[in-house]
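A.B. asks: The following block contains the structure, expressed as structure tokens.
The values are calculated or read from the model by the stated rules, or taken from the named source; none is laboratory data. From a predicted model like this one, the values you see are computed outputs, not experimental measurements. Positions of Cβ are backbone-derived with ideal geometry, glycine not excepted, and every protein chain shown enters the neighbour counts.
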Amino acid sequence: MKKAIMSLLVLGLAACQSRPGPTITEQYSTVETPKTASITPNELLAVSASYFTAADTLPAQAKAMLQQINLSELWRSFNNTDPKPLILEGFFGPDHYRFEVVFTQVRRDNKQPEVYHVEGKTHYRKNVRPFSGTLIIRQLADLNASWDYDDFVPAQTELLPPDTVEARYERARQQSHPYTARAELQLKEALTPDSGIFMGEAILNFFVTDTHRIGYVVEPVLNPQHPAGGAAILLRGSRLNQSTRQIKQFVVASDKFAAAPDIYQDFGVGERSHQVSPKYAHLGWNEEWQNEEWWTDSPKATL
């Protein structure tokens, strides 16, 4: 399989005016279905940025590999034994407002191993909206990048003697192979006022061992020139508002700093820039709901 290094595109956010944020009482309210006309083909084409071409079709070898490994849990969660989904965090619209996405359910198609059926929720300005859709893997390539093996935990059957960290990393490199997958993203929120249709791409960096065990590839240092900026997962694309017909761009990642290559210097402060700058606080970054499971049907605080 040919090696491929994909560079992240600089985030080009559309110059659209944001509407005022809703009040706190709108947080989990149910609203009536809007009366809007159907989406026209031209509108869908405008939402569908040209991330893929007709040539982006998986060869038989790649499909055979995807038949052997199921990436459902990697799309959904860092830990397949933890019911809590992975929160993908990033930016929405030209003002870089805080935006979150979770996949609550991911299922591989029975007949097409490159197709994953997903359900989840989005969180923007106190609004939580359910969605459904698909991730269709269109490219699969060797990952030509350094990556952090801290999360490479040998299976119980692979009993290893005590040794140095360096020796453990080298063994991990010998027992695994890193890949990057690019999938066509198609999501549709449940029809309510200002609900949307998302189209774009999803990038997943992962490794596979000789025993078909899988895990995330996360690079030690974020790099916008590497797939997903060095994070494990990154989603980006455009959203069409079904009520207003506005189109805005979005980007989220498993590491929010990887989602912001164009504003990274401004966005991060402190050592290694892993604290959010106060200048972005009014854009939703002062209310990170770390103690609230907003993606559940009955959100409740956790300690």
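A.B. asks: Looking only at segment 86-111, count how many residues are in contact (Cβ under 8 Å) with a residue 24 or more places away in the chain and either under 20 Å from ILE137 (Cβ atoms) or assigned to a strand (DSSP E or B) (or both).
C.D. replies: Of the residues in that region, 18 qualify.
A.B. asks: Considering only segment 60-74, I want to know if a residue exists there that is of a type in the set (D, E, K, R), in contact with an Asp or Glu (Cβ under 7 Å, 6 or more places away or on another chain), surrounded by 12 or more Cβ atoms within 10 Å (Cβ to Cβ) and modelled with pLDDT of 55 or more. Outline the logic, then answer.
C.D. replies: Of the residues in segment 60-74, the ones of a type in the set (D, E, K, R) are 63, 73.
Checking the rest, the ones that are also in contact with an Asp or Glu (Cβ under 7 Å, 6 or more places away or on another chain) come to 63.
With surrounded by 12 or more Cβ atoms within 10 Å (Cβ to Cβ) added as a condition, the list becomes 63.
Keeping just the survivors that are modelled with pLDDT of 55 or more gives 63.
Checked against the condition, which is being of a type in the set (D, E, K, R), in contact with an Asp or Glu (Cβ under 7 Å, 6 or more places away or on another chain), surrounded by 12 or more Cβ atoms within 10 Å (Cβ to Cβ) and modelled with pLDDT of 55 or more, segment 60-74 yields at least one hit.
A.B. asks: Continuing with the same structure: Could you grab me the full set of residues in segment 214-240 that are modelled with pLDDT under 90 and either among the polar types (S, T, N, Q) or out of contact with any strand residue (DSSP E or B) (no Cβ under 8 Å at 6 or more places or on another chain) (or both)?
C.D. replies: VAL221, LEU222, ASN223, PRO224, GLN225, HIS226
A.B. asks: With the checklist (1) exposed (fewer than 14 other Cβ atoms within 10 Å of the Cβ); (2) in contact with a strand residue (DSSP E or B) (Cβ under 9 Å, 6 or more places away or on another chain); (3) at pLDDT 85 or above in hand, flag the one item GLU26 doesn't pass.
C.D. replies: Condition (3) is where GLU26 drops out.
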